[in-house]
Amino acid sequence: MTLKKIVAILGGGPAGLMAAETLAGRSEIEIHIYEAMPSLGRKFLRAGVGGLNLTHSEPQDAFLARYSQPERLAPMLRAFGQEQMIAWAKELGFETFTGSSGRVFPVGMKASPILREWLKRLTDLGVVFHTNHKWIGFADSKVSRLSTLQHQETLESIVFDTPDGPQTVPADAALLALGGGSWPKLGSTGGWIPILEARGIPVAPLKPANCGFDVAWTEVFKTKFDGAPLKSVTLTFGEICKQGEFIVTKDGVEGSLIYALSALLRDEIEQNGQAVIHLDLAPDWTQEKLINRLSLPRGSRSMGSHLEKTVAIKGVKAGLLWEFVPREDFQSPAKLAAAIKNLPIPLTRPRPLAEAISSAGGVRFEALDEHLMLKSLPGVFCAGEMLDWEAPTGGYLLTACMSTAVWAARGIQTYLQ
């Protein structure tokens, strides 16, 4: 009798589940998923709030360029990328559609039905789930398992903190799919970092990605406009110019238009102490037209009423002008028009990592071989957001988590053989 090879997958998010699916169904392998939280896929469900964005439909070269480490991720994303994500959803019984932005969603938009079917499929394939198992490290010595015909020695025993106390389990291979550091209440705490660093494994510091930023609003402004959407604006930072919308909060700014530039903004703040974005509050108006309209007689109208009547600037857009434009400039149509078309907003710092949609940083690729196995810990692989890469929202995050998991799972197959 030959013992089955045991594969321990640490982390029950999309990367861990996809790795399990890639390995499942083989008679010679026994797969166990260990999750620190009481249930699996919590961040996957959170990503589905407002519509689960599976991937993006743009051409592959443009798709790959969205990632911070395209040369590292390209082979993985070509092996399992946009088309494979759509096919995977269809195999689970969920058709997809492409939105006007090019983002790909399941029909129905919900994450929970997909997660239910996914977990059922894995259960049917024999995957064993262990919840409330928090990884706290490796045991000091390897564990041997005996069969009637052969002796096998596992890579290392893995130690978990459980409701019943510490538990040590053996494994022939392990996959770490423990997430980054965003949304820690859903399980991605970054608690794995000191464990790996103690083994000499280099880890790039975790940073907020796809995050909001602080702005030093006045008390009057933050009280009046907290939560106000800022629609139909153009944001310029350096040579990048994007039109869209975002939200003003009591702390600063957040939302899709901000997230799209968050990596650049974060790095600028790290280097120079702040990042200044410029807003065009009236992208459909020329500066000349604004000047002409603002030059119309104001009469007895207040300046706020004049802005609304002449150039349709009101609400939070008008509030931004009062926040940053010198009072005397309101008397000059040319200066006021220039501010409307190019209003500087200084960002002071990114919001905390715990509030970010995702995180940058993680296990450096230099610590991994071509199969995503840790060079200094043979048999231990890494996948998902805990690797040192980042990407914008729009389906890129989930696709790369799944792609790296498939790649690592195939590496585990090679290693076990």
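Values computed for the structure shown
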| quantity | calculated |
| --- | --- |
| Relative contact order for segment 214-274, counting Cα pairs under 8 Å that sit 6 or more residues apart, in percent | 29 |
| Segment 357-405 and segment 62-108: distance between their alpha carbon centers, rounded to Å | 17 |
| Footprinting exposure proxy for Met109, Met37 (fewest neighbouring C-beta atoms within 10 Å first) | Met109, Met37 |
| Long pairs among Lys185/Lys375; Lys43/Lys134; Lys90/Lys207, criterion Cα-Cα beyond 23 Å | Lys185/Lys375; Lys90/Lys207 |
| The chain, relative contact order in percent, only Cα pairs under 8 angstrom and at least six apart counted | 22 |
| For segment 57-113: relative contact order, % (alpha-carbon pairs under 8 angstrom, 6 or more apart) | 27 |
| Kyte-Doolittle mean at least 0.0, axial Cα span of 27 Å or more - DSSP H helices of the chain | 396-416 |
| Derived scalar couplings ³J(HN,Hα) [segment 199-206; Karplus, 6.51 cos²θ - 1.76 cosθ + 1.60; whole Hz; x for Gly, Pro] | 8, x, 8, x, 10, 6, x, 6 |
| Spatially proximal lysines relative to Lys317 (Cα-Cα < 30 Å; intrachain offsets below 8 disregarded) | Lys222, Lys224, Lys231, Lys242, Lys250, Lys289, Lys309, Lys335, Lys341 |
| Exposure proxy ranking, count of Cβ atoms within 10 Å, fewest first, for Cys211, Cys241 | Cys241, Cys211 |
| Proxy reagent accessibility, fewest Cβ within 10 Å first, across Leu261, Leu23 | Leu261, Leu23 |
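Bear in mind these aren't lab numbers, they're just calculated from the coordinates by the rules spelled out. Keep in mind the model is a prediction, meaning the values are calculated, not measured. Because the Cβ atoms are built from the backbone with ideal geometry, glycine has one as well, and the counts that use them run over all protein chains shown.
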